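Shown next, in structure tokens, is the structure this report addresses.
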Amino acid sequence: MLLCNLISIAERVGAPRIVPTRGIPYPTGDPSLTPEAEKAWRRRLLDRALEALATTVHQPTVFEVPEEARA
Amino acid sequence: MANIVHYINQFFAGVGGEDSAGSGPTLVMGPVGPGRRLAELLGPEHEIVATVWCGDDVASGIVPAIIDLIRSVDVDGGVGSDVDGGVGGGVDLVAAGPAFTSGRYGLACARVAAAAHDAGWLAVASMHEDNPGLDEAGATPVVASGEVARRMAPSLDRLAGAVTKLLRHEPLTAADGRIGKLARLTVMADARAAERAVDLALVRLAGDHTATEIPLPRFDQVTPAAPVEDLTTAMVALVTEGGLVPDDNPGALESARATRWLRYPIGNLDALMAGEWRSIHGGFSTAYANDDPHRILPLDVGRQLVADGAVGSLFAEYFVTTGNGTSVANARRFGIEWAADLRHSGARAAILTAT
């Protein structure tokens, strides 16, 4: 599965499982947060990544991290 | 009449296979192997005055020696050629290949053509668009060949057409089978942009949904892998194109246009310390990544997932390349190699971070 910010490109090249991130230079981070909150955000990204890996897909599919879960 | 030098490898020169792949460059007067058919196709207007062949293992590393051999070709006593722009003893054009999808041969053809171009000759190479050597040709024209040598005949037809056109000093276009980097030229269009935009809109409305002035690269269809049935027992790998490497970049990973990928052990680490790791990616500011490498490679949370039982284990190494200007052909190769390696190592899933 793919964690990235440029979702349109990921879909265009056919990446099957995509979890959107918050910025190009920090796919598994968010420097605007405190270190603790950033690590919690990273955990949510990875939890969503695991859900994507366990899901059957037939085409490029975006697995958003639920909005209410965002730090 | 134009004078052409043809570059081929040891196999197509009829010298041998891998046993001869270490042979240095050799000059033979006249056409050899596929050059004979190429000469027929070119007709009496043009002549393959010489063939230079070299072994696949060494050719791409000794291109200057190959160029020196071409320079040594002395046509008509070295009095020069009948075609404008000819230099170097009357040679007008250097043609290389077809190299099909052969990596070493394609790399050599691309580099020989590029160096010949730099030396002032017209030059063209022939290879399949998936050949990893393609990008090495730079702005020197490359025309598509078939995938394998079985497609020699149509590949030579296209190469001959390209040679003929170049010798008329006409640019090669996609219609000629040109692949790889296309030089962008300023030309006078026959209508202003607004008119062309309306024309294109009308063409599209009439049912041609692919008409365009700017063809975009084509990408593969990817067949999604089946889901992982039980992640709690699965080994999961962390991989990245974010250019994250040990601080001194011991493998000299490129910051752009990567030609390789690297692997580093993380099996004994619970976290990646700032100052010990660095992103050398040239496509974005790496300050955030260097302040906390987990922003590129989430090892800290990966360990959490294992401790919490969410995944069985983490693969003891991570794979890394730089996805900045990297050719699709190289990226495809990295992906194939990563998948094969991880499958062999027992990993069931990979989490790829991309910048």
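Some notes on this structure:
- Within the stretch A:26-55, the set of residues being open to solvent by 30 Å² or more (accessible area, probe 1.4 Å) and facing chain B (nearest Cβ under 9 Å) comprises A:TYR26, A:PRO31, A:PRO35, A:LYS39, A:ARG43, A:ASP47, A:ALA54, A:THR55.
- Candidate set from the stretch B:288-320 (those that are part of a loop (DSSP other than H, G, I, E, B) and open to solvent by 10 Å² or more (accessible area, probe 1.4 Å)); member that is farthest from the other protein chains (Cβ to nearest Cβ): B:ALA316
- Check on A:ALA37, more than 20 Å from A:ALA10 (Cα to Cα) and either modelled with pLDDT under 95 or more than 10 Å from the chain's Cα centre (by Cα) (or both): yes
- Only one of the listed residues (B:THR164, B:THR173) is of a type in the set (S, T, N, Q), open to solvent by less than 80 Å² (accessible area, probe 1.4 Å) and in contact with a helix residue (DSSP H, G or I) (Cβ under 7 Å, 6 or more places away or on another chain). That residue is B:THR164.
- Test for A:ARG22: is it more than 9 Å from chain B (Cβ to nearest Cβ), buried (at least 17 other Cβ atoms within 10 Å of the Cβ) and closer than 18 Å to B:TYR288 by Cα: yes
- Filtered residues of the stretch B:272-287 (kept if farther than 21 Å from B:TRP338 by Cβ and within 11 Å of chain A (Cβ to nearest Cβ)): B:PHE284, B:SER285, B:THR286, B:ALA287
- Residue in the stretch A:6-19 that is of a type in the set (Gly, Ala, Ser), closer than 23 Å to B:GLY309 by Cβ and more than 9 Å from every other protein chain (Cβ to nearest Cβ) present: no
The values are calculated or read from the model by the stated rules, or taken from the named source; none is laboratory data. Note that this is a predicted model, so its numbers are computed, not measured. Note: ideal-geometry Cβ built from the backbone for every residue, glycine included; neighbour counts use all protein chains shown. For accessibility, only protein heavy atoms count, side chains too; no ligands or nucleic acids. Shrake-Rupley method; radii C 1.70, N 1.55, O 1.52, S 1.80 Å.
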